[in-house]
1. Please work out which residue is nearest to the chain's Cα centre (by Cα), limiting yourself to the range 141-158 and to residues that are modelled with pLDDT under 85 and surrounded by fewer than 17 Cβ atoms within 10 Å (Cβ to Cβ).
2. Mind telling me which of the residues Thr79, Thr43 ends up being surrounded by 15 or more Cβ atoms within 10 Å (Cβ to Cβ) and either farther than 22 Å from Ile157 by Cβ or of a type in the set (A, V, I, L, M) (or both)?
3. For the range 46-71, how many residues meet the condition of being modelled with pLDDT under 90 and under 15 Å from Gln159 (Cα atoms)?
4. Starting from the range 31-45, keep only residues that are more than 14 Å from Ile63 (Cα to Cα), then list their pairs with residues that are buried (at least 17 other Cβ atoms within 10 Å of the Cβ) and of a type in the set (Gly, Ala, Ser) whose Cβ atoms are within a distance under 9 Å, requiring at least 6 positions of separation or different chains.
5. Which members of the range 73-92 meet the condition of being out of contact with any strand residue (DSSP E or B) (no Cβ under 9 Å at 6 or more places or on another chain) and at positive phi?
6. Within the range 100-117, restricting attention to residues that are in contact with a helix residue (DSSP H, G or I) (Cβ under 7 Å, 6 or more places away or on another chain) and farther than 25 Å from Ile63 by Cβ, which residue is modelled with the highest pLDDT?
7. Look at Val120 and say whether it is more than 16 Å from the chain's Cα centre (by Cα), among the β-branched types (Val, Ile, Thr) and at pLDDT below 90.
8. Quick one: how many residues across the range 28-67 are assigned to a loop (DSSP other than H, G, I, E, B) and touching a helix residue (DSSP H, G or I) at 6+ places or on another chain (Cβ under 9 Å)?
Amino acid sequence: MRSILAFFTLFALSTGLAAADTLPPPLAAAFAGFLDAKSFHATMQSTGQTVELDVVRPDKMHIVAAGGSVEMISISGNTYVKRGGSWMTMPAIGAMANLLTAPLSQLRTYTSAPKDDLRVSDLGNVIVNGVPTHGYAVGDVDHPKNANIYVGSDGMIYQMTSNASHGGSITITKYNSPITIAAPVHER
């Protein structure tokens, strides 16, 4: 669960430093594209852990962590957890839905940050995992290069990396692709 929270914390904080009207146009468009995406796949890597995440907005999420030994599905406030090969239904965990919606609300709030606080440096064209991207270092007056954000040739955010001591990266793919998230067949 910590990895999942770290994913959203890193994502909200790193993107939250951006005031939309002061960003370079391609970066502002990439933020808007992420906020408007109906679905996506994300891979979060931090401190030796990998979390795979599929999201279908407004309220579906499928998370696979710890090499597949932990799996979670959340659909419209209903949460299912798989441990040791068995699925269990978790009673009304609204927090899972908040994990999906709260960072988006924070992102929209942060995009109106004071213009004087924003720092964006153009990193130029960068190959990330074999994918051509254009990179930006984003931060504020106290942390001018808090995160690197890489925009793919499709104009969407491809990867974000944290430059904080805990590090970590989020790679986002399959924007607006058909992703199926359904309740498990054998729930308890």
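1. Lys145
2. Exactly one of Thr79, Thr43 is surrounded by 15 or more Cβ atoms within 10 Å (Cβ to Cβ) and either farther than 22 Å from Ile157 by Cβ or of a type in the set (A, V, I, L, M) (or both), namely Thr79.
3. Residues in the range 46-71 being modelled with pLDDT under 90 and under 15 Å from Gln159 (Cα atoms): 3 in total.
4. Matching pairs, first to second residue: Phe31/Ala18; Phe31/Ala20; Ala32/Ala20.
5. Of everything in the range 73-92, those that are out of contact with any strand residue (DSSP E or B) (no Cβ under 9 Å at 6 or more places or on another chain) and at positive phi turn out to be Gly77, Gly84, Gly85.
6. Looking at residues that are in contact with a helix residue (DSSP H, G or I) (Cβ under 7 Å, 6 or more places away or on another chain) and farther than 25 Å from Ile63 by Cβ, I get Lys115.
7. Here the answer is yes, as Val120 does meet what is asked.
8. The qualifying residues number 4.
The values are calculated or read from the model by the stated rules, or taken from the named source; none is laboratory data. Values in this document were obtained by computation on a predicted structure and should not be read as measured data. We place every Cβ from the backbone using ideal geometry, glycine too, and count neighbours over all the protein chains shown.
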